[in-house]
1. Go through A:Leu123, A:Leu160, A:Leu140 for me and flag whichever is hydrophobic (A, V, I, L, M, F, W, C), free of Cβ contacts under 8 Å to residues at least 40 places away in the same chain and surrounded by 15 or more Cβ atoms within 10 Å (Cβ to Cβ).
2. Inside segment B:1-32, can you point out the residues that are at the interface with another protein chain (Cβ under 7 Å from one of its Cβ atoms), at pLDDT 75 or above and closer than 17 Å to A:Cys52 by Cβ?
3. B:Arg574: among the basic types (Lys, Arg), modelled with pLDDT of 85 or more and under 30 Å from B:Glu444 (Cβ atoms), yes or no?
4. Residues to consider are A:Ala32, A:Ala66; find the one that is in contact (Cβ under 8 Å) with a residue 60 or more places away in the chain and within 14 Å of chain B (Cβ to nearest Cβ).
5. With B:Leu178, B:Leu170 as the choices, which residue is at pLDDT 85 or above, assigned by TED's automatic domain parsing to the domain that holds B:Gly255 and over 30 Å from A:Glu73 (Cβ atoms)?
6. Counting residues that are more than 31 Å from the chain's Cα centre (by Cα) and modelled with pLDDT under 80, which strands (runs of 3 or more DSSP E) fully inside segment B:286-389 reach at least 1?
7. Looking at segment B:97-105, can you tell me whether even one residue there is away from every other protein chain (no Cβ under 14 Å) and outside any helix (DSSP H, G or I)?
8. Being within 12 Å of chain A (Cβ to nearest Cβ) and not hydrophobic (A, V, I, L, M, F, W, C) is the filter here; which residues of segment B:47-73 pass it?
Amino acid sequence: MRQVELTAAGLGLCSCHVCGLVLRSDKAYNPAHCPRCHTRVHSRKPNSVSHCSALLIAAYILYIPANLLPIMETSSLFSYREDTIMSGVLHLWETGFWGIAAIVFVASIIVPLFKLLALTLLLVSVQRRSTWWPMQRTRLYRLMELVGRWSMLDIYVVTLLAALVQIRSLATVKAGAGAIAFGAVVVLTMMSAMNFDPRLIWDPLRKEYKL
Amino acid sequence: MSDTDQLPDFSQIPDAIVERGRFSQLVWIIPIIAAIIGASLAVKSYLDRGPVITITFKSGEGIEAGQTQIKYKNVQIGEVKAVTIAKDRSHVLVTAEILRDAAWLLMEDTRFWVVRARISRNSISGLGTLMEGSYIGVDAGTSKQSQDEFKGLERPPVIAINEPGRPFVLHAREIGSLDVTSPIFYRSIQVGEVISYELDKDGKGVTLKVFIRSPYDQYVKANTLFWHASGVDFTLDANGVKINTESMVSILLGGIAFLSPEDPGKAQPAGPNSTFTLFANKDEAMKRLDAVVETYVLVFKESVRGLLIGAPVDLRGVTVGEVTKINLDLDPRNKEISMSVEVQLYPERLWAQYRSKSQQGKPMDSRQLLNTLVKQGFRAHLRSGNLLTGQLYVALNLFPEAMPSKMDWSKNPPEFPTITSSMEQFQTTLMKIVQKIEKLPLEELAGDARQTIRTLETTLQKIEKLPLEELTGDVRKTIQTFETTLQKIEKLPLEELAGDVQKSVQMFETTLQNADKLLKNVDASVVPETHSAIEDVRKTLNELRKTLGIAKQTLSPDASLQQDLRETLRELRRAAQSLRVLGDYLERHPESLIRGKEDDR
C-alpha cells in the first residue's frame, strides 16, 4: 500500500513552537497566535519570500562596492597597499602563498557568490511553485547554511589585523570601505537564508485534505 | 491512559487566533538603504577623483606608485598612482592624481620636482624625506592656462614663482666657482641667488640667470656692474701685493657682487631680465667705469722685460691707463728691432688732470690736448715699479729738454712719442760697458795673435805637403780614367755589332788601330805637358818659400810689428786696470756718479 504523504499544512494544521499545541490554521501564511500561550504561530514563515528577496537584493547591491572598494589598507615604512579582495588574492598568489590565496579565494569570492546564486535559484523556483528536484534543492539549502558563515573569514582577518597592527608610522592596517560592504553582504545573505523557509520547496507537492 | 489508546476528535482542535492588519513589508527598506549606500559610494568616488596629470622626470629615484605624495607648501594635494618608463626610454613618466580641490594649482607654468635629501655646497635640504620618503614638490604657476602634462625639474627651483624680486641675465667669460644658489651680494648683504647657468651656444661664454630679491632689486640700475666675488683675489704686480675678498661665505662658496656707480644722471632701475656683463673681479669692473677708452702705441727701443700686460700707465702717480699688448716690431728698412707697446688711456682721467692745471672749463679735444702736451715735452718712458720683482710700468711725464717730437696720428692706433731711459738705465748700461771692457783685452787679443801665427804655420805646412803627391796622384788618376774610358770603348762595339759580324770585325780592327794611335798620341803629347805643369808647381813652391821666409822675419820676436803690438797690449792692460779701479769705486760709492768724487778728508 502506498504511503500517505500527509503534511500539517496539508491537513490545515500547525503547531505552537512554544507550548506544542496543535492548532487549526486555514490561512497558513497569515500571522496568528496560540490561544493557550499566545505565542505567534505560523505554518510557514510569514513573508518568507519577500523578506528573503529584499535582503538578497540588498546583498547584491552591496556586493559591487564590496568587490570594487579596497578592503584593507596596509601601510608600512617601505610600502603602502590598498587591496580589494581580488587584488589581495592575486598579491598572495604572486608572492607564493598559494594555499592562503586559495582559502581566501574560496571563502571570500566563491562562497558569497555561491550563496547569492543559490538563494536566487531557490527563491525563483519557490516563487514559480516549481516541482523540479525538490530533494536536490533542499540539499542545496543545507549546504548553503553550512558554508555561509565561512565567508566571514576575510572580515575576521581584517578586523584582527586592524586591531593588532597599529604601530604608528612603522606599520598600520586599516579596514577599507570595502570591508564594511563585504561584511554587510555576508550578514545580509545569512539573514536572507534565515528568512527562507525550506518547507516552501515542498509546498507545491502538497495535497490538501479536510479533516 | 485511555487518551493514548484513542485518536482524539480532530474537530476539537482549537483554531489559531488570526491577527489582522499586520502588514510587514518594512524589510524592503534594507535593499533601499543598500542601494542608497552603494550609490553614495559610487558618487563619492566619482566626485573625489581629481585630475590625473603626467610628470616626466629623468629618473624615478624616490618616486613610488601609491606612496609618493605631491605636496604644495607641504600640504598634500595628490598622490602618485603609477611610475612608468617612456617609450623611448629617455625618461620616466609619473602619473599622479591630484585632489579635486587642488586642481586650480595645475597651471601651464606650474613646476614639479622631487624633494629628497640633498647636500650641496651651500645647503642641506630635505632631511625630513630620509624618514618619510621623498615627495614631489609643487610650485604653483601664475598662468591662466591649465595643463595636465608637466616636465619635472631635476633640482628644486631656487626661487618660487611668486617670490618678489626681479631676475637678471649676466654674461661671463667663465663661471668660476659659481653654481646654482650661489649668493649675490650688495654691499656684502646677500640679496639674491644664481638661478641657473648655461654655456653660450657658441661656447665662448656663460650666461647666468640671477634673481635679486625685493627690495634690493631696485639697486640694480642700467649701469650696474656685476663681478665675481669668489674666493680670494691675490695680485702681485707693479703696484705691489693686493688681496681682495668679499665675505667669508663667498671665499668658501663663491658669489657675485654688484654695485651701481654713483652718477649724477640717476640711472633708471634696470628692467627684469636686463643683460649685464659679469666681470672677473672688482678692478676689472671698475675700469669699465671709464666710458671712453683710447688706444695708443708706444715704441720703445729698449728691452721691455718686466712689463706685463695690464701694467699701469702712470701720470705722476695717477693711473691713467693700462698696457694691453706688447708686440715685437722688426723694421725691414732700418733693420731695427723695436717694441711696440699698446696702451689704453682713459682720457677722461687725463681731462681731469689737465683741467685742474689749466682751469679750463671745457674739456679739450684729446687730439688737440695731446698735441699741445707733446709739444711741451710730454713723453712716455719705462720705469721700474718694483725693485724686488723687476716689474716695469709706463710712466707719462713732461721732459722739456726732450728731443722735439710729435704724435703720429697717421698710424692706427696713433703713436705716442717715447723717451728712452732714465738715470737707472744709464747706470746699467755703463756697468755693462765696464764689464765688457774688463772681459775684452788680454786674453782675447793675445790669443788671437797666437792663433793667427799658428794658422799661418799650419797653412804653410799644408802647402809644403800638398803638391807632389796630389799632382802625381792626379796624373795617375787621369791615366786610369783614360784606361777605363778605353775599356768602355772596347766594350761598346762588341754589343752594337752583334748583328753584322763582318762589319763589326772590320770596325773593331779599325777602332783598335785608332785606339792604338790615340794611345800613342796620348803618350806623345800629354805626358810632356804634365811634366811642365809639375815644374810650374815647383816654381810656385819656391816662390812661396821665399814669401814665408819674409813672413818669419816679420813675426820674429824682435820685429818692429811685434814690439808695437806688445806696447799696445800693455797700454790696454793699464786702461783695464784703471777701469777696474773706477768700477770698484763706483761699487762702493754709486752716488759719485751724480755727486762727483768725494774730496779726500
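1. Testing whether each residue is hydrophobic (A, V, I, L, M, F, W, C), free of Cβ contacts under 8 Å to residues at least 40 places away in the same chain and surrounded by 15 or more Cβ atoms within 10 Å (Cβ to Cβ) leaves just A:Leu140.
2. B:Val27, B:Trp28, B:Ile30, B:Pro31
3. Numbers: among the basic types (Lys, Arg): yes; modelled with pLDDT of 85 or more: yes; under 30 Å from B:Glu444 (Cβ atoms): yes.
Yes; evaluated as a whole, the condition is true for this residue.
4. A:Ala66
5. The match here is B:Leu170.
6. Working: elements: B:294-300, B:312-315, B:318-331, B:336-345, B:378-386.
Where strands (runs of 3 or more DSSP E) fall fully within segment B:286-389 and carry at least 1 residues being more than 31 Å from the chain's Cα centre (by Cα) and modelled with pLDDT under 80, they are B:336-345.
7. Yes: segment B:97-105 contains one or more residues that are away from every other protein chain (no Cβ under 14 Å) and outside any helix (DSSP H, G or I).
8. Within segment B:47-73, B:Asp48, B:Glu64, B:Gly66, B:Gln67, B:Thr68, B:Gln69 qualify.
The values are calculated or read from the model by the stated rules, or taken from the named source; none is laboratory data. Note that the structure is a prediction, hence the values are computed from the model and not measured. Note that each Cβ is placed from the backbone with ideal geometry, even for glycine, and that neighbours are counted across all protein chains shown.
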